[in-house]
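Everything on this sheet refers to the single structure shown next.
The values are calculated or read from the model by the stated rules, or taken from the named source; none is laboratory data. Predicted model only: the values in this text are computed from it and were never measured. In this analysis, Cβ positions are derived from the backbone assuming ideal geometry, glycine residues included, and neighbour counts consider all displayed protein chains. Accessible surface areas use protein heavy atoms only, side chains included; no ligands, DNA or RNA. Shrake-Rupley method; radii C 1.70, N 1.55, O 1.52, S 1.80 Å.
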Amino acid sequence: MDPSRNWAQDVLRCRLCETPGPPMYCDICHIHLCKACVGEHLSDLSKEHKVLPFEKRGSTPKCPKHSTKLCVLYCEQCDIPVCTLCASSKEHYGHIFIEITKNIHSKKEIIQKDLQELEKSIFPQYQEIASIIPVQKSALNENSQKLTTEIDRHGDIWHREINMIIQKLKSDLKDMVTKHLDILNKRKDEIKHTISEITQSIADLKKLLDSNDVSRVSAYKSRNDEFRRLPPKLTVSLPSFTPRHINKEQLYQQFCSLSALSIQTEEYSYKVESPGAESSLQDRPFIDEPRIITEIHTEYGQYTLRSVSCLSDEEMWVCGNDKILRLYNLRGELVKSIQTKSGNYPLDIAVTMSGDLVYTDYWDGTVNKMKNKKIKTLIRLQGWIPLNLCSTSSGDLLVAMDSDDNEQSKVVCYSGSTEKQSIQYDDKGQPLYSSGEYNTKYISENKNLDICVADRGAGAIVVVNQAGKLRFTYNGPPSTTKGSFSPHGITTDSQGQILIADRYKHRIHILDQNGQFLRYINSCNLQEPRGLCVDTRDNLFVTEYGTCKVKKIQYYM
């Protein structure tokens, strides 16, 4: 065989005998082989070989840690392909392995189903939803033009009314001025007449003084008493104009009312178009015996680990009785850690839809958000203490809280830092939630937008709908004795099932979304389960208060 042959310019040939069109391929040596040369190639024992049909080449990846080994197994706990050396290492001690070909076959079945569902069901429904938006925009523009015309018309009416008021004020002022002028003119005429009489009297008196006519002097009658009675002083109060302060808010309210823009998010009912396109998340059956997929050993001491929240299917945030928030991966490696803003330990944590971490600080009454390793205070409460919280599908936050005097308890919905809704009483005015110091209330939003609260003090699960109206309470299965149910963590999955950590019974309750008990998870040697969350595949993550481990549990098929 000529080693200088340019294989890229030639047809595919067997590397050993140059037979054209060889049907086999060695995945490790990356050479083409005819069937006759396979045995000779395998006889080279200096390294491992993996010969398979040419069209299946590349189906077995090389181990990234052991370059001469192929990944022939798949670790279910770590969710990665591994070689036989990796499988026997301490890193994978106690893990469950399957043949990688079985995993590939299973994954391809899922991929095929997902592809079929995307093409035949999900994509057309998104197109249908998208087609509605231009219609909504057109309706919005038409309505805006109509309202603008109505506002202008109503404005013209107001302008006319205001002009009429101005004209009436001017007319009233003119009438007042005319009346006052008439009075002043009359008084002027009266005084002018009296002055004329006084002038005449002065002239007459002067003549009498110069006269020797006894009869005229003797006939004189004094009029001074009459003239001494001066006319009453006429005080004219001039009209004044006092403009009123224009209260813009009242003026706006009197002018009209413009209803606020209302955008309601209504969940679309997902439609499966054909039996072959059934979603892998629809009607998933439970497995007979829930099993632990992996265990993560955290840095927390015994009886200090509380809450967990998934950042992704591979990583989860945890918090406990210290001031450090920690992010772990499924291999138990600490990916990130950050100290709380106040130095207090966080009471609870949640991951938002955008992947940011939020936490409650019981001692300084705040809810804080961590983004890019920077912590910002979102909410600072006055008169209330934040307890547990969760992030909703719409991006809001639900925060359970007690009053400072521990006499009241409520759940408040926030959009950013703005309070949107407060849930505290039922239809009869009775408190929905118990109160009391350190009375944790883990909280979760369900698929149907119900708000589910694990009220530890009441020993009950309290579920209200999106409007805050009580739907049901759950105090444990019928056989539960009063006071023996101690709910802590709570979460919901893609099926709308509600999962509750029953801490002192060392088990998990599973309810349907209407509060009907379905089953327990009590087969995974749980030690005081406390915090709960699920990933996108409905794997359950449980924090154990007694051991400070996080257990990842599979409970669906």
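Considered as a group, the residues in the range 29-79 that are among the acidic types (Asp, Glu) and either in contact with a helix residue (DSSP H, G or I) (Cβ under 9 Å, 6 or more places away or on another chain) or outside any loop (DSSP other than H, G, I, E, B) (or both) include one that is surrounded by the most Cβ atoms within 10 Å (Cβ to Cβ), and that residue is GLU76. Of all the residues in the range 397-412, those that are surrounded by fewer than 20 Cβ atoms within 10 Å (Cβ to Cβ) and under 15 Å from THR440 (Cβ atoms) number 1. In the set (1) at pLDDT below 95; (2) under 25 Å from the mean Cα position of the chain (by Cα), the condition left unmet by TYR300 is number (2).
Of the listed requirements (1) at pLDDT 85 or above; (2) open to solvent by 70 Å² or more (accessible area, probe 1.4 Å), CYS86 misses just one: (2). Going by the conditions given, is GLU128 of a type in the set (Asp, Glu), more than 33 Å from the chain's Cα centre (by Cα) and in a helix (DSSP H, G or I)? Against the criterion (of a type in the set (Asp, Glu), more than 33 Å from the chain's Cα centre (by Cα) and in a helix (DSSP H, G or I)), GLU128 does not qualify. The strands (runs of 3 or more DSSP E) found wholly in the range 339-401 and carrying at least 1 residues that are of a type in the set (Gly, Ala, Ser) occupy 348-351, 384-391.
Touching a Ser or Thr at 6+ places or on another chain (Cβ under 7 Å) and surrounded by 10 or more Cβ atoms within 10 Å (Cβ to Cβ), is that true of VAL177? Taking the combined requirement at face value, the residue does not satisfy it. For the condition open to solvent by 50 Å² or more (accessible area, probe 1.4 Å), among the β-branched types (Val, Ile, Thr) and either farther than 28 Å from ASP535 by Cβ or at pLDDT below 85 (or both), THR19 qualifies. Annotation: of all residues in the range 378-396 being touching a Lys or Arg at 6+ places or on another chain (Cβ under 7 Å) and of a type outside the set (Asp, Glu), the one that is most open to solvent (accessible area, probe 1.4 Å) is LEU378. The residue of the range 532-547 that is modelled with the lowest pLDDT, among those that are of a type in the set (S, T, N, Q) and closer than 16 Å to ARG507 by Cβ, is THR547. All conditions in (1) in contact (Cβ under 8 Å) with a residue 40 or more places away in the chain; (2) surrounded by fewer than 11 Cβ atoms within 10 Å (Cβ to Cβ) hold for VAL214, with the sole exception of (1). Going by what's in this entry, would GLN466 be described as touching a Leu at 6+ places or on another chain (Cβ under 6 Å) and touching a residue at least 12 places away in the same chain (Cβ under 8 Å)? Judged against the criteria, GLN466 is a match. One residue alone among ASP152, ASP189, ASP172 is under 60 Å from the mean Cα position of the chain (by Cα) and in a helix (DSSP H, G or I), and that residue is ASP152. Looking across the range 234-246, the residues that are of a type in the set (S, T, N, Q) and either modelled with pLDDT of 80 or more or open to solvent by 100 Å² or more (accessible area, probe 1.4 Å) (or both) come down to THR235, SER240, THR242.
Taking each residue of the range 141-154 that is modelled with pLDDT under 90 and looking for partners that are open to solvent by 90 Å² or more (accessible area, probe 1.4 Å) and of a type in the set (Ser, Thr, Tyr) with beta-carbon atoms closer than 9 Å, six or more apart or interchain, yields nothing. Test HIS245 against the stated conditions and say whether it is of a type outside the set (D, E, K, R) and not in a loop (DSSP other than H, G, I, E, B). Against the criterion (of a type outside the set (D, E, K, R) and not in a loop (DSSP other than H, G, I, E, B)), HIS245 does not qualify. Scanning the range 172-204 for residues that are under 30 Å from TYR220 (Cβ atoms) and acidic (Asp, Glu) turns up ASP189, GLU190, GLU197, ASP204. Which residues, taken from the range 537-548, are of a type outside the set (S, T, N, Q) and open to solvent by less than 50 Å² (accessible area, probe 1.4 Å)? Across the range 537-548, the qualifying residues are ASP538, LEU540, PHE541, VAL542, GLU544, TYR545, GLY546, CYS548. Look at the range 406-429: where a residue is part of a strand (DSSP E or B) and a partner is at pLDDT below 90 and surrounded by 15 or more Cβ atoms within 10 Å (Cβ to Cβ), sitting 6+ places away or on another chain with Cβ atoms under 6 Å, you get SER409/SER435. What pairs come up if the first residue lies in the range 333-356 and is in contact (Cβ under 8 Å) with a residue 12 or more places away in the chain and within 23 Å of GLU295 (Cα to Cα), the second is open to solvent by 30 Å² or more (accessible area, probe 1.4 Å) and of a type in the set (Val, Ile, Thr), and their beta carbons are under 6 Å apart, counting only those six or more places apart or on different chains? Partner pairs satisfying both residue conditions: SER337/ILE324. Among residues belonging to the range 209-242 that are among the aliphatic types (A, V, I, L, M) and part of a helix (DSSP H, G or I), point out the one that is farthest from ILE183 (Cα to Cα). Looking at residues that are among the aliphatic types (A, V, I, L, M) and part of a helix (DSSP H, G or I), I get VAL214.
Just to verify a result, which residue in the range 321-338, among those that are charged (D, E, K, R) and in a strand (DSSP E or B), is surrounded by the most Cβ atoms within 10 Å (Cβ to Cβ)? Taking the candidates together, the pick is ARG326. Can you name the residue in the range 251-264 that is open to solvent by 100 Å² or more (accessible area, probe 1.4 Å) and of a type outside the set (Gly, Ala, Ser) and, of all such residues, is nearest to THR178 (Cα to Cα)? Of everything passing the filter in the range 251-264, GLN254 is nearest to THR178 (Cα to Cα).
Taking the criterion of being in contact with a helix residue (DSSP H, G or I) (Cβ under 8 Å, 6 or more places away or on another chain) and open to solvent by less than 80 Å² (accessible area, probe 1.4 Å), the residues of the range 103-117 that qualify are GLN116, GLU117. For the range 184-211, filtered to residues that are open to solvent by 80 Å² or more (accessible area, probe 1.4 Å) and among the hydrophobic types (A, V, I, L, M, F, W, C), the residue that is farthest from LYS233 (Cα to Cα) is LEU209.
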